[in-house]
Structures are given as C-alpha cells and as structure tokens.
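Report on the following structure.
Each reported figure results from applying straightforward, stated rules to the coordinates on display, with no laboratory input. Not measured: the values here are computed from a predicted model. Note that we place each Cβ from the backbone using ideal geometry, even for glycine, and neighbour counts take in every protein chain shown.
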Amino acid sequence: MSTSDSIFLGLDETPGQVADWLERVLGIERYPDQPDGEDKVGLRGRLANDDDWYSVVIQRNGYVSPDAGPDEVQATDAYGIDIGMRSRGEEVLHRQSRLVFDKLIEARPDAPAMLLHNLEFLIAAYLPGAGTHDLAPETTPDADDQEQWKPWVI
C-alpha cells in the first residue's frame with residue numbers, strides 16, 4: 001500500500017505561488033523539465049539526516065464537495081491548497097511531513113494548516129492566534145469525528 005501525507009493550507013493562492021515560497025522556506029527545488037503551469041507543481045527535497053529524496057505535489061484542494069450534506073462534511077473542506085508528500089518508508093515520511101508542517105507554520109503564521117496521514121487520519125491542526133493542536137490518535141477528518149477537530153480547523 002502506498003503511503004502519502006498531506007498538508008492542507010487555508011490560503012487563497014495558486015499552487016505556483018505556494019511553490020515559490022516553499023522553495024525558499026524549505027530549500028527544495030522544482031522537478032526539472034516540469035511543464036509550466038499554476039494548477040499543479042512538483043517539488044523535491046532532501047530528507048533530514050538522509051541522502052534520499054521526498055517529493056511534494058502542490059495543487060488546489062480537490063477533495064471539496066460543494067453539495068456535501070451534514071454527514072459528508074470534512075475537516076479539509078475550507079482549505080484551498082493541498083500539499084501532497086511522498087517518500088520511501090512510512091515512518092520517514094511521517095517525520096519529514098511533521099518537520100515540513102512545523103516549518104510552514106513558522107514561515108507563514110497567518111496561514112491555517114492541517115497535517116493528515118494518508119488522508120485517513122488528522123494528526124495536527126494550526127490556527128493563527130490559537131496555535132498548533134495535536135489530535136488524538138486515529139482522529140479522522142470525517143464528519144464522525146467533527147467534535148474533535150471542529151475547534152481547530154477553519
């Protein structure tokens with residue numbers, strides 16, 4: 001099974017604009033020979049304490065359902081940007097994703113953010129003025145767990 005982590009940002013910026021500041025903040029680079037465009041941007045960076053790479057794909061949040069009913073609400077609904085991350089090894093990926101999440105909050109304290117593992121579990125959420133909150137293990141971004149995450153998302 002493939003593992004990916006996602007960082008959602010509450011920003012009204014294009015993926016290209018987000019990629020520009022991620023390159024500066026994280027010291028990562030765009031994939032070579034990538035087609036020009038603002039809809040989807042691929043980046044790569046070196047893992048902390050490792051010679052291997054991690055990959056990042058920045059795109060608009062495509063998981064929003066505009067006609068969602070009350071039982072279909074998700075924690076990610078109000079977040080405009082989805083930063084997908086992949087690497088070899090689940091634990092390595094989770095450590096790197098948390099490191100990136102923390103660096104993004106430090107660089108953009110004005111941007112609400114949340115960290116998810118495999119789009120299945122909501123790990124942490126950040127709100128400007130309220131700080132970062134680590135959620136209970138196995139908290140999902142789904143409506144069933146809304147009472148746990150609602151105070152921490154936009």
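Structure notes:
- 0 to 90° range, to nearest 10: angle between helix 90-107 axis and the chain longest Cα axis: 90 degrees
- Amide H contacts under 5 Å for I123, placed H, 5+ residues apart: L115, L116, H117
- Its Cα centre serving as origin, the chain has a Cβ charge dipole (Lys and Arg +1, Asp and Glu -1) of approximately 540 debye.
- Prolate/oblate/rounded label for region 5-152 (Cα gyration tensor, a/c 1.5): prolate
- Tilt relative to the chain, helix 15-26 - C-alpha long axis, 0 to 90 degrees, to 10: 70 degrees
- A Gaussian network model of the chain, with springs between Cα atoms under 10 Å, assigns the largest mean-square fluctuation among Y126, Y54, Y31 to Y31.
- The value of relative contact order for region 5-152, using C-alpha pairs under 8 Å at least six residues apart, is 27 percent.
- Counting only DSSP beta bridges with both residues in region 5-152, the antiparallel share comes to about 100 percent.
- With the simple spin-label model, which puts each label point 7 Å out from Cα in the Cβ direction, the D52 to R88 separation comes to 0.5 nm.
- The ranking of D12, D20, D33, D145 by Cβ neighbour count inside 10 Å, starting from the fewest, reads D33, D12, D20, D145.
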